[in-house]
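Quick note: the coordinates plus some simple rules give every number you see, no bench work behind them. All figures in this text were calculated on a predicted structure; none of them were measured in a lab. Because the Cβ atoms are built from the backbone with ideal geometry, glycine has one as well, and the counts that use them run over all protein chains shown.
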Amino acid sequence: MATNELLLDVAGLSVRHGRVPALAGIDLQLRQGEAIGLLGANGAGKTTLLNALSGFLPHEAGVVRLFGKPARAGAPHRVAQAGLLQVSQDRDLFGDLSVRDNLRLGCLARAKARYDRNLERVFGYFPRLQERMEQRAATMSGGEQQMLAIGRALMAEPRIILLDEPSAGLSPLFVQEIGAMMQALKREGEVALVLVEQNMRLAAQVVDRFYMLRAGQVVAQGPAAELDRDYEHLAREYYL
Ligand SMILES: Nc1ncnc2c1ncn2[C@@H]1O[C@H](COP(=O)(O)OP(=O)(O)OP(=O)(O)O)[C@@H](O)[C@H]1O
Ligand SMILES: [Mg+2]
């Protein structure tokens with residue numbers, strides 16, 4: 001597989017929530033081995049963009065090519081089966097099921113035969129899950145639930161993973177663990193990452209490039225180095 005294969009190619013994507021325009025003319029690319037950041041203030045359209053990429057929302061205009069083929073809107077199961085997995089902002093765990101069953105469900109669609117191997121891999125990133133396999137997901141702490149939600153997505157052997165504010169509400173130690181996991185994914189190079197983050201410093205440690213959204217449009221983009229260098233400026237310009 002070419003290391004710079006274009007996994008996701010979005011051109012002129014527009015999306016509405018009912019009659020309200022939510023995304024307008026989004027252009028975005030993601031290549032094999034890459035991690036990109038989606039930044040922007042509350043309501044900028046970050047989650048909407050992830051949901052559109054995952055096939056949950058109809059496209060009003062534009063084209064999304066996924067793994068070289070046009071992706072049909074309204075078919076999220078197909079998108080997941082093809083290897084694009086989203087970890088949503090509210091985690092969407094099966095609260096009444098155990099950690100084990102949540103992880104098992106993660107690998108059903110794509111990677112059933114490799115359950116054991118994938119489980120080991122997830123434990124490698126999040127040892128804490130191994131100690132809590134029989135615990136009901138709903139009783140896990142917020143940070144543990146975030147790890148479980150990411151672990152469940154990884155069980156499916158994604159080629160692309162979309163993470164919607166994985167550090168939100170987490171204490172510094174958990175933020176560090178999630179950060180280390182994302183850096184490991186990046187290093188290993190098998191999973192390309194789309195990371196929505198309010199924590200710009202965390203994003204800067206993980207992503208190669210960023211896109212800044214405001215009112216449903218990409219208003220700036222650049223290399224991660226710019227995030228570090230121009231943090232104050234970017235925050236002032238696009239968050240206030
Ligand atoms: N299902 C929906 N119906 C109507 N409007 C919606 C819907 N989902 C989102 N919106 C609106 O679309 C805009 C973008 O929302 P979105 O959730 O994508 O923002 P976001 O960048 O993810 O914000 P946050 O950082 O707060 O999560 C907001 O104005 C929101 O109110
Ligand atoms: Mg959001």
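Tabulated results
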read-out	value
Filtered GluC sites (Glu not before Pro), segment 154-240: DSSP coil and at most 14 other beta carbons within 10 Å	Glu190
Two-site label geometry, Asp96 and Ser171: point separation in nm, points 7 Å out along Cα→Cβ	3.1 nm
Among 102-110, 120-128, the order from most to least packed when residues are scored by Cβ within 10 Å on average	102-110, 120-128
Global geometry of the chain, whether rounded, prolate or oblate, following the gyration tensor of its Cα atoms and the 1.5 cut on a/c	prolate
Theoretical ellipticity at 222 nm over the chain - DSSP helices of four or more residues, -39500 (n - 2.57) apiece, nearest 500	-11000 deg cm²/dmol
Range of Cα positions in segment 20-110 per principal axis (Å), largest first	41, 32, 26
Relative contact order computed over segment 94-155 (Cα-Cα under 8 Å; 6+ residues apart), in percent	56 percent
Val63 versus Glu131: modelled label distance in nm, points set 7 Å from Cα along the beta carbon direction	5.1 nm
Nearest-0.05 FRET efficiency for Ala11 and Ala220, computed from C-beta distance (R0 22 Å)	0.75
Part-to-part distance (alpha-carbon centres) for segment 67-99 and segment 149-171, which is given in Å	11 Å
